[in-house]
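Comments concern the structure below.
Readers should treat all values here as calculations from the given coordinates under stated rules, not as data from a laboratory. Values in this document were obtained by computation on a predicted structure and should not be read as measured data. Positions of Cβ are backbone-derived with ideal geometry, glycine not excepted, and every protein chain shown enters the neighbour counts.
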Amino acid sequence: MADMELTEKQKRLVDYFIETGNQTEAAIKAGYSKKNARFIASKTLDLPYVKAFREKRLKAIEENRIAKAKEVMEFLTSSMRGEIKEEVVVVEGTGGGCSEAKTIEKQIGANDRIKAAVQLAKRYGLDKLEDNMDGNGGGVTIIDDTDQS
């Protein structure tokens, strides 16, 4: 019975229930009669295969909301390269002692770009590489082995 296929109306009921959180309202929006909406919604949403469908829908919604590692890396890379724009408010003088606020779009600042580069370096392990190159960790050591006599 868990493999039962939901009707389109049942799918709409689940979707509207996820959207509103109200069983009766969801049933009415899905096309059930107002008179029986509360009873039908309660009974239908308690069915195991309907619950499984609801969990599947919720999981899909959550997966779309949460950024994946690739998306984070792409955003950090775009930030580091200055491809990301931000809106800032600037005040311009209009003459006669008056001014007006104006919104402009500009590249993110150098500090934010550096922070993005540092975050990328951490994810790729490049920050560890830098630690090994500071002084004695892998540098060249010159030894004077010429005979002084």
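Can you spot the lysines whose alpha carbon is less than 25 Å from residue 115's alpha carbon? Ignore those fewer than 8 places along the same chain.
Partners found: 68, 70, 85, 106, 128.
Compute the acute angle (0 to 90°) between the alpha-carbon long axis of helix 48-65 and the principal axis of greatest extent of the alpha-carbon atoms of the chain; round to the nearest 10°.
Approximately 30 degrees, to the nearest 10.
Work out the FRET efficiency for residue 118 and residue 42 from their Cβ-Cβ distance, taking R0 = 35 Å, and round it to the nearest 0.05.
On the way: r = 53 Å, r/R0 = 1.52.
With R0 = 35 Å, the Cβ-Cβ based efficiency is 0.10.
Quote the FRET efficiency, to the nearest 0.05, computed for residue 106 versus residue 72 with a Förster distance R0 of 22 Å and r equal to the Cβ-Cβ distance.
Details: r = 23 Å, r/R0 = 1.05.
E(calc), rounded to 0.05, equals 0.45.
Using Cα pairs under 8 angstrom and six or more residues apart, how large is the relative contact order of the chain, in percent?
14
Report, in deg cm²/dmol and to the nearest 500, the calculated mean residue ellipticity at 222 nm for the chain, where each DSSP H run with n ≥ 4 adds -39500 (n - 2.57) and the sum is divided by the residue count.
Counting only the DSSP helices, I get -16500 deg cm²/dmol.
Between 44, 24, 103, find the one with the highest GNM mean-square fluctuation for the chain; connect C-alpha pairs within less than 10 Å.
Of 44, 24, 103, the Gaussian network model singles out 103 as fluctuating most.
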